[in-house]
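Visitor: Before I ask anything, here is the structure I am working with.
Just so it is clear, none of the values below were taken in a lab; they were calculated from the coordinates. Model, not experiment: these values are computed from the prediction. A quick note on method: Cβ atoms are made from the backbone with ideal geometry, for glycine too, and the neighbour counts reach across all protein chains shown.
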């Protein structure tokens with residue numbers, strides 16, 4: 001049994017792929033017999049944690065700005081945070097300290113600095129436009145030398161970090177919880193006109209919702225009964241709600257934030273799932289969630305999504321900046337049952353390859369290799 005600590009600023013109740021990754025990897029490692037725990041920040045509001053989640057500091061969610069990769073940032077901040085992290089590691093001993101995105105001014109960086117176990121890091125991030133690592137390496141290269149093994153979730157993530165920080169890199173993809181995301185199960189209490197197109201993601205510029213809204217105008221010309229169901233909160237929710245033109249307001253349904261436990265029901269409810277993200281995606285866990293739920297997928301043709309989708313086989317990739325082409329892909333899936341069924345069948349097959357028990361086994365092997373090397377060097 002290993003004592004393992006996962007560290008990230010992003011964790012529940014904050015939505016997103018890193019929060020899902022952190023939680024399900026920890027659960028899967030515990031199921032493999034390890035004492036796996038999470039260290040994260042304290043978010044506003046009330047929520048319940050299992051006993052293996054520890055919180056320090058206070059999380060601030062920064063707005064989605066262009067120079068911040070067009071996405072919200074979660075940062076754990078408080079005047080005494082370094083002392084709090086140091087005290088935590090004096091109270092707890094770990095074989096592995098697994099940080100997520102530690103090469104920045106964040107909680108994982110402090111765990112990299114104060115941590116008392118062999119250091120493993122996972123890098124989830126790609127960038128829209130400018131790559132922060134070009135300048136970050138000036139400040140964090142020395143810290144990066146403490147990392148015994150670096151995990152990247154895709155080749156896109158590797159390309160974002162490896163040229164700037166030499167080290168031992170291993171590719172281990174994101175995982176999917178097939179006990180939650182599956183075709184059968186409860187549905188949300190909705191009664192929308194069909195077909196239903198689902199957008200599920202944070203409301204921020206990087207996720208590309210305005211591009212979908214523009215394409216939906218074209219969809220309605222071909223499929224007048226179509227409904228666009230949007231699931232997710234974020235700083236831009238009200239801005240995007242106001243952007244819906246009057247002629248579409250009865251066809252665009254906003255739920256706002258939905259707890260993670262309820263997300264599978266929305267995937268099942270939809271006739272099609274689409275993600276128009278403009279970049280910054282290293283993998284696309286939402287694509288796998290939709291596939292595992294038996295929902296066909298149409299997504300933006302960006303490098304991160306090419307890690308998951310083979311066009312025409314388990315999903316469609318399209319230039320989402322071209323509203324007519326985007327709409328044509330959506331209409332094709334919704335109006336051609338044979339195409340939708342093929343994408344659904346192959347999507348289910350794809351999702352099974354990413355089940356968390358297998359991904360956790362691969363991560364465990366990375367831990368064991370790092371520990372063996374550390375022992376040889378002692």
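Visitor: If r is the Cβ-Cβ distance from residue 49 to residue 241 and R0 is 41 Å, what FRET efficiency results, to the nearest 0.05? Could the numbers behind the result be given before it?
Guide: Numbers: r = 32 Å, r/R0 = 0.77.
With a Förster radius of 41 Å, E is 0.80.
Visitor: With r as the distance between the Cβ atoms of residue 179 and residue 116 and R0 = 30 Å, compute the FRET efficiency 1/(1 + (r/R0)^6) and round to 0.05.
Guide: Given R0 = 30 Å and the Cβ-Cβ separation, E is 0.35.
Visitor: Using 7 Å Cα-to-Cβ label points, what is the residue 361/residue 35 separation (nm, one decimal)?
Guide: 2.6
Visitor: Angle, helix 81-91 long axis vs. longest principal axis of the chain, Cα atoms, 0 to 90°, nearest 10?
Guide: Rounded to the nearest ten degrees, it is 60.
Visitor: Can you give the relative contact order of the chain as a percent, counting alpha carbon pairs under 8 Å and 6+ residues apart?
Guide: 15
Visitor: Something else about it: Specify the angular offset, from 0 to 90 degrees and rounded to the nearest 10, of the alpha carbon long axis of helix 17-31 from the longest principal axis of the alpha carbons in the chain.
Guide: 60
Visitor: Now for a different question. Determine, for each peptide in 43-51, 79-87, 272-280, the mean count of other beta carbons within 10 angstrom over its residues, then list the peptides with the highest first. Kindly include the intermediate steps, with their values, before the conclusion.
Guide: Details: 43-51: 9.8, 79-87: 13.6, 272-280: 23.6.
Highest mean packing first, the order is 272-280, 79-87, 43-51.
Visitor: Given the chain, what percent of its DSSP beta bridges are antiparallel, to the nearest 5?
Guide: Bridges in the chain that DSSP calls antiparallel: roughly 10 percent.
Visitor: Shape call for the range 289-363 from the C-alpha gyration tensor, a ≥ b ≥ c root eigenvalues: rounded (a/c under 1.5), prolate (a/b greater than b/c) or oblate?
Guide: Oblate is the answer for the range 289-363, as a/c is 1.5 or above yet b/c matches or exceeds a/b.
Visitor: Can you give the angle from 0 to 90° between the axis of helix 356-377 and the longest principal axis of the chain, with both taken from C-alpha atoms, to the nearest 10?
Guide: Between the helix axis and the principal axis of the chain, the angle is about 20 degrees.
Visitor: Classify the range 196-352 from the C-alpha gyration tensor, please: rounded if a/c falls under 1.5, else prolate or oblate depending on whether a/b exceeds b/c.
Guide: Details: a/c = 1.42, a/b = 1.22, b/c = 1.16.
Since a/c stays below 1.5, the shape of the range 196-352 is classed as rounded.
Visitor: Work out how much length residue 324 to residue 375 would gain on full extension: take 0.36 nm times their residue separation and subtract the Cα-Cα distance, in nm to one decimal.
Guide: Contour length minus Cα-Cα distance gives 12.5 nm.
Visitor: Just how far, in whole angstrom, is the range 233-290 from the range 308-322 if you go by their alpha carbon centroids?
Guide: 18
Visitor: Going by C-beta contacts inside 10 Å, put 107, 263, 368 in order with the fewest on the left.
Guide: Listed from fewest to most nearby Cβ atoms, that is 368, 263, 107.
Visitor: Let me ask something additional. Sorting check: for 20-26, 223-229, 241-247, which peptide has the highest mean count of neighbouring beta carbons within 10 Å, and how do the rest follow?
Guide: 20-26, 223-229, 241-247
Visitor: When a footprinting reagent is the concern and you count Cβ atoms within 10 Å, what order do 361, 202 take, fewest first?
Guide: 361, 202
Visitor: Okay, next question. So how far, in whole Å, is the C-alpha centre of the range 20-55 from the one of the range 147-219?
Guide: 21
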